[in-house]
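One structure is given below, encoded as structure tokens.
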Amino acid sequence: MHTKTGLHRWVSRANPLTVKALSLVPSYHTYRQMYALLQRSQWWSREELAAYQSRALSRLLDHAYENVPYYRRVFRERGLVPEDIQSPEDLGLLPFLTREDLQTNLPDLKARNYPDSAFEYVTTGGSTGIPVGFYYEKGVSRAREWAFMKTQWDRVGYRFTDRCVVLRGYTIESARDGVYWKKTLCGRWLLMSSHHMTEETLPAYIDRIKRFKPRFIQAYPSVATILARYMREHGIEPFPTVKAILCGSENLYPWQRDLLTEVFGCRVFSWYGNSEQTVLAGECEESTHYHIFPEYGIVELIGRNGQPVQGTGAMGEVVATSLTNFVCPLIRYRTMDVAVLGKDSCTCGRQYPLLDKVEGRLQEFIVTRSGHLISVTPINYESEAFENIRQFQMYQEEVGELIMKVVRKPAYTEKDTRQLTAELRCQLGDGVNVHVRFVDEIPRTQGGKFRYLIQKLPISLGDL
Ligand SMILES: [Zn+2]
């Protein structure tokens with residue numbers, strides 16, 4: 001489907017309110033330029049994409065060498081100059097950048113040729129336990145990100161004029177007065193508090209969504225799951241106006257995709273990225289593989305020996321180099337995310353590299369007695385064993401031992417405990433002892449996300 005959205009044509013037809021809403025997007029010019037490029041580049045051949053990446057990489061490395069003290073040092077220590085790295089395959093000459101490196105060297109990672117006013121300080125979450133701070137280019141990084149996001153959402157027909165319900169990590173000020181949502185972007189987006197969704201308040205949420213008539217729901221998968229489970233349990237029909245659920249910022253597990261597809265009766269579209277803006281990959285019109293944007297960053301999957309893994313089905317840590325952030329370059333940044341390489345090409349015609357799936361954060365693996373790592377991705381929380389469980393969370397602080405915290409529904413009995421233990425043994429094997437513990441409540445993270453596994457053991461790439 002080679003649809004070309006004529007943004008200029010569209011803006012000229014749009015009403016003044018829409019244009020005003022768009023001006024909320026900082027640096028509209030940056031947005032427009034990037035978006036226009038992506039309209040063309042997504043259909044480029046593999047050779048054209050490779051040539052683009054090599055040029056962008058050279059520009060980045062020249063700049064980092066000239067203007068970024070940290071990278072000047074890295075090059076010098078290795079006796080290298082930017083010309084030694086001609087293409088992404090040569091990136092292995094440079095070291096990884098870990099979160100710790102980023103934290104320790106942040107002042108030296110700021111490009112000296114930008115004024116102070118160009119830097120926007122950003123911090124990102126503790127989902128890996130290591131909060132990290134870095135810089136965006138003020139007014140530019142976010143606009144560019146929008147161009148990529150819009151290009152992805154175009155694949156499921158998203159338009160700026162569409163009404164959209166947003167179920168991400170928001171806390172709404174008025175929630176204290178019993179109003180759990182607020183409108184933004186000239187009334188087109190309805191932000192709903194993810195912190196107040198309970199059995200008591202969900203009927204009001206559902207009623208509000210119905211009246212709002214959204215065309216899309218943007219959601220953290222874990223938040224959409226809370227709504228979906230309630231709707232299924234109470235036999236509530238799908239919202240007739242909703243065309244797709246746009247899922248991001250958290251891993252979308254297969255059981256969640258099935259649940260959301262069933263309850264909302266529409267396409268569940270997922271993308272993978274990070275706040276550091278080093279990697280962005282999304283599904284397309286025709287498949288659920290993640291298409292990596294080569295214009296956004298260079299992605300390597302690194303195996304346990306520190307070398308890139310090759311071939312469909314190979315698993316490794318995502319190491320990514322941002323091609324768009326020049327104020328604070330992140331080169332070979334270790335994301336701590338684990339992903340699996342996809343097949344060579346997709347039927348949609350884009351020649352982007354593909355990820356088959358994202359297994360999640362390194363911290364989302366369970367460690368068996370023998371030290372092996374097991375992904376929690378295949379566990380089916382929709383199976384019968386979870387029927388009488390309101391909420392749960394896995395917790396590991398000892399090798400081979402897993403604590404399953406459970407909030408029971410009234411019908412829960414001893415039989416459910418046996419069933420749950422058996423189900424987990426079946427999924428995780430004999431290398432993990434499961435202990436069920438009853439609790440009254442499971443808190444969400446400060447960012448409003450929900451974590452299915454709290455992993456206290458340190459996990460590193462070498463364990464994969
Ligand atoms: Zn595709």
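The values are calculated or read from the model by the stated rules, or taken from the named source; none is laboratory data. Given the structure is predicted, the values throughout are model-derived calculations rather than measurements. As a convention, Cβ positions derive from the backbone with ideal geometry for all residues, glycine included, and neighbour counts pool all protein chains shown. Protein only, heavy atoms only, side chains kept; ligands, DNA and RNA dropped before computing areas. Shrake-Rupley method; radii C 1.70, N 1.55, O 1.52, S 1.80 Å.
Summary value for the range 188-272: 30 percent relative contact order, contacts being C-alpha pairs under 8 angstrom separated by 6+ residues.
What percentage of all Cα-Cα pairs in the range 193-350 are separated by more than 23 Å? Present the calculation step by step, with values, prior to reporting the outcome.
Values: 5853 of 12403 pairs.
When all Cα pairs of the range 193-350 are counted, 47 percent exceed 23 Å.
Pairs of alpha-carbon atoms within less than 8 angstrom and 6+ residues apart define the contacts here; what relative contact order does the chain have, in percent?
Numbers: 839 pairs, mean separation 59.4, N = 464.
Dividing the mean separation by the residue count of the chain yields 13 percent.
Just the protein heavy atoms count here, and of the accessible area of the chain at 1.4 Å, carbon and sulfur take up 50 percent.
Trypsin sites (Lys or Arg not before Pro) within the range 134-178: which are DSSP loop residues with at most 16 other Cβ atoms inside 10 Å? Working shown, then result.
On the way: sites: Lys138, Arg142, Arg144, Lys150, Arg155, Arg159, Arg163, Arg168, Arg176; in loops: Lys138, Arg155, Arg159, Arg163, Arg168.
Sites meeting the loop and neighbour criteria: Arg159.
Rounded to the nearest 500 deg cm²/dmol, what is the calculated helix-only ellipticity per residue at 222 nm for the chain, with -39500 (n - 2.57) per DSSP H run of length n ≥ 4? That calculation yields -8500 deg cm²/dmol at 222 nm.
Dividing the Cα radius of gyration of the range 40-113 by 2.2 N^0.38 Å, with N the residue count, gives 1.24. Modelled this way, with points 7 Å down the Cα-to-C-beta line, the labels at Leu37 and Thr413 are 6.4 nm from one another. Taking 18 Å as the straight-line reach from the Cα of Lys110, the aspartates and glutamates in range (excluding those fewer than 8 positions away in the same chain) are Asp62, Glu66, Glu100, Asp101, Glu120, Glu137, Glu276. The Cα center of the range 385-411 and the Cα center of the range 288-331 differ in position by 34 Å.
How much accessible area per residue does the range 336-464 have, in Å², with a 1.4 Å probe? Spell out each step's value before the answer.
Working: 6060 Å² over 129 residues.
Per residue, the range 336-464 has an accessible area of 47 Å².
Counting only protein heavy atoms and a 1.4 Å probe, the range 23-151 has 48 square angstrom of accessible area per residue. Shape of the range 197-255 from the C-alpha gyration tensor: oblate (a/c of 1.5 or more and a/b not above b/c, with a ≥ b ≥ c the square roots of its eigenvalues). Computed about its Cα centre, the charge dipole of the chain is approximately 1760 debye, with only Lys, Arg, Asp and Glu carrying charge at their Cβ. The alpha carbon convex hull volume per residue for the chain rounds to 155 Å³. For the cross-link pairs Lys357/Lys456; Lys409/Lys449; Lys213/Lys405; Lys243/Lys343, the ones whose C-alpha atoms lie over 30 Å apart are Lys213/Lys405.
Gain on full extension, evaluated as 0.36 nm per residue between Thr241 and Gln391 minus their Cα-Cα distance, stands at 51.1 nm. Pairwise Cα distances in the range 221-267 exceed 17 Å for 24 percent of all pairs.
In units of 2.2 N^0.38 Å, what is the alpha-carbon radius of gyration of the range 163-262? If you can, show how the numbers build up before the last one.
Working: Rg = 12.6 Å, N = 100, 2.2 N^0.38 = 12.7 Å.
Here the answer is 0.99, to two decimals.
Give the Kirkwood hydrodynamic radius (Å, one decimal) of the range 348-395, defined as one over the mean of 1/r across all pairs of different Cα atoms. Each step should come with its number before you reach the end.
Numbers: mean 1/r = 0.0720 Å⁻¹.
Its Kirkwood hydrodynamic radius stands at 13.9 Å.
Could you compute Rg(Cα) / (2.2 N^0.38 Å) for the range 51-162, with N its residue count? Working shown, then result.
Numbers: Rg = 16.9 Å, N = 112, 2.2 N^0.38 = 13.2 Å.
Rg over 2.2 N^0.38 Å, computed on Cα atoms: 1.28.
Taking one quarter of the surface of the convex hull spanned by the alpha-carbon atoms of the range 320-464 gives a direction-averaged projected area of 12.1 nm².
At 1.4 Å probe size, with every protein chain present, just tell me what the per residue accessible area of the range 208-325 comes to in Å². Don't jump to the answer; show the numbers that get you there.
On the way: 3760 Å² over 118 residues.
Here the per-residue accessible area is 32 Å².
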